[in-house]
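The values are calculated or read from the model by the stated rules, or taken from the named source; none is laboratory data. Note that the structure is a prediction, hence the values are computed from the model and not measured. Cβ placement follows ideal geometry from the backbone for every residue including glycine, while neighbour counts extend to all protein chains displayed. Note: accessible area is taken over every heavy atom of the protein model, side chains too, but ligands, DNA and RNA are not part of it. Shrake-Rupley method; radii C 1.70, N 1.55, O 1.52, S 1.80 Å.
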Amino acid sequence: MSSETLPYYTLWMYFNGMRGINWAAAIATLPIQFSLVFFALLHVPINIPALGVSTGTTYDMNNELFSHGISNLIAGLAGTLPNYLVYSNSLLVMRCGGESRLAGGLLTVGAVALWIVGGDVIRYVPVLLVGCLIFHLAMDLLLESVVDTLHMPLSLLEYGTIVSIVAVMGVFGFTEGILLGICLALLFFVLEYAAQSVIFETFDSGASMVRRSMDEQQVLERARNKVYGLKLYGFMFFGVISQVEKTVMDAIHDNLESKMANRLEFVIVDFKLVKGVDFSALQGLQRLKEKTDSCGIQLIFCSLGKHRDSIITKAGLFDLSNDNVDSDMDLYLLDFDTDQTALEHCENQLLNAVQKKSPHYSPEGRNILIDILRASPPPTNTRVSSSDGSGSATAPISSKAASVWTEIAHSVFTDMSCVPDEVLWDAGESADALFVVRTGSLVAQVAYGNGLFRVVQSFLPGSVVGEVPFFAGSKYPTRLVASTEFTGWRMSRADFNRLCQLYPAFTVPFIQQCLKYAN
């Protein structure tokens, strides 16, 4: 220790701007500086919760981070040491009754006084006392890191990391131990995360919420194996993208080996639950695109959101087409906003293929009532009350399905039309009508705050809309809006009561047929 006593402000006397700085010495200290910065970033989210568990106190992490940031900013501008919360010292002070503001103020005053007086005071502190304090802190930290963690739910890899860091710090130094800890943590993260499945679930075209005519639904039910989809979740990087490739290829091979008539034609990959896509995962997606192309299968991505513009588009995946001459499909990689729009596209392609093979296949909106007549043929010589309200006149129902169809259509259904974006009903209104879609489409929407709505179901030509709340006599659960120019038929509550009175034989089959759409 120097015999000359220096004033406490000597540190700032050495600063003379950028002149006289030994840049080689400054560069040599960069590893230590980076280690201190990294340690300063970690000690608050680690030590504060640990201190809270030991003392049974709840701390506001935002407030702690803000306080440490302000103090370190001031310390940096003043050229002094950064602020650091020492867990063992803080716990020792708090157990000695130093939790009050008075104790903290006295500690601050003492520290400032010691700083102004200088290091000469240390001469009067027994060396044995200082050694005991340092030994106590060293043993306390060693027990806390190596022994106390034996009782914690740590894996062998995590405990091995702790022991390795302690050993390297003791032999080589603090900085080397921190670097080893970072490397091991990254390595073990990759190994453990890669062992977790990133496939949330798989689905086929049966998951579609698009409602169509009964004929189209039957066609799609027979072709549901032509569509295979999987929902991903988590973070996509090189360690997990192989799971996606293997799952898709296994599904393709199983489909080929089963020799089913419904050959797989579409693969949908849903990114809705994906938190991030690393650039290293793009090679796996590129391989998946090439493998599906080689099999003549259309690959579709959906729910990409921010991942589309950030990484996937820049990688050029959407710019690559396939030269497979055996397929008449456009095998550019397709992208849709949601899984439902992707499924609707696949269904439209499948129905178009059926229509090409069967030019006379053309489902109509009124097929629903034709289906009812097929399911329950009208009984002959059945007499029902006339519609003049007198109750005395009777008339036989025609035995010809076409004439009965005309009678029912004109007596209980009325033509209607609406323009795009027109609201047919709002959620919460009494269900006093149901619709049959002839042309155009309708969508059911639910509100999710701030006047915004989300589409939950679509209704295409030939489908029935609002049948469940209508027959139940309840309220509409969603909002119904025309997404395009719409024409169709409307049945009101009075029309349904008239159907029950005039054609009781058709009432139950009509209800049953309508409820098939809800199923």
*The listed residue being in contact with a Leu (Cβ under 9 Å, 6 or more places away or on another chain), crowded, with 19+ Cβ neighbours inside 10 Å and among the basic types (Lys, Arg), out of Arg490, Arg479*: Arg479
*Any helices (runs of 4 or more DSSP H) falling wholly within the range 15-106 and containing at least 1 residues that are in contact (Cβ under 8 Å) with a residue 24 or more places away in the chain*: 30-55, 61-78, 87-95
*asked:* Being open to solvent by less than 60 Å² (accessible area, probe 1.4 Å) and closer than 30 Å to Gly173 by Cα narrows it down to one residue among Ala40, Ala103; which is it?
replied: Ala40
*asked:* Of the residues Glu245, Glu221, only one is open to solvent by less than 70 Å² (accessible area, probe 1.4 Å) and acidic (Asp, Glu); which?
replied: Glu245
*Of the residues that sit in the range 202-235 and are among the acidic types (Asp, Glu) and over 22 Å from the mean Cα position of the chain (by Cα), which one is farthest from Phe336 (Cα to Cα)?*
Asp215
*Considering only residues of the range 427-460 that are part of a loop (DSSP other than H, G, I, E, B) and either among the aliphatic types (A, V, I, L, M) or at pLDDT below 85 (or both), which is nearest to Ile511 (Cα to Cα)?*
Ala431
*Residues of the range 261-300 satisfying the condition of being in contact with a His (Cβ under 8 Å, 6 or more places away or on another chain) and surrounded by fewer than 20 Cβ atoms within 10 Å (Cβ to Cβ)*: Gly276
*Can you work out which of the residues in the range 1-37 that are hydroxyl-bearing (Ser, Thr, Tyr) and open to solvent by less than 90 Å² (accessible area, probe 1.4 Å) is modelled with the highest pLDDT?*
Thr29
_Let me confirm something: among Tyr228, Tyr233, which residue is buried (at least 16 other Cβ atoms within 10 Å of the Cβ), among the aromatic types (Phe, Trp, Tyr) and more than 24 Å from Ser458 (Cβ to Cβ)?_
Tyr233
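Every residue, every condition in (1) outside any helix (DSSP H, G or I); (2) over 15 Å from Phe203 (Cβ atoms), yes or no:
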{"site": "Gly229", "(1), (2)": "yes, no"}
{"site": "Phe238", "(1), (2)": "yes, yes"}
{"site": "Met249", "(1), (2)": "no, yes"}
{"site": "Ile252", "(1), (2)": "no, yes"}
{"site": "Ala281", "(1), (2)": "no, yes"}
{"site": "Leu288", "(1), (2)": "no, yes"}
*Could you tell me which residue of the range 195-218 is surrounded by the fewest Cβ atoms within 10 Å (Cβ to Cβ), considering only residues that are aliphatic (A, V, I, L, M) and assigned to a helix (DSSP H, G or I)?*
Ala207
*Does the range 497-518 include one or more residues that are in contact with a Lys or Arg (Cβ under 8 Å, 6 or more places away or on another chain), in a helix (DSSP H, G or I), touching a residue at least 12 places away in the same chain (Cβ under 8 Å) and surrounded by 16 or more Cβ atoms within 10 Å (Cβ to Cβ)?*
yes
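Here's the yes/no breakdown for (1) open to solvent by 70 Å² or more (accessible area, probe 1.4 Å); (2) over 30 Å from Leu156 (Cα atoms); (3) under 24 Å from the mean Cα position of the chain (by Cα); (4) modelled with pLDDT under 85:
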residue	(1), (2), (3), (4)
Leu179	yes, no, no, yes
Tyr193	no, no, yes, yes
Leu256	yes, yes, no, yes
Lys259	yes, yes, no, yes
*Go over the candidates Ser197, Ser164 one by one and state the one that is touching a helix residue (DSSP H, G or I) at 6+ places or on another chain (Cβ under 9 Å), at pLDDT 85 or above and farther than 29 Å from Lys272 by Cα.*
Ser164
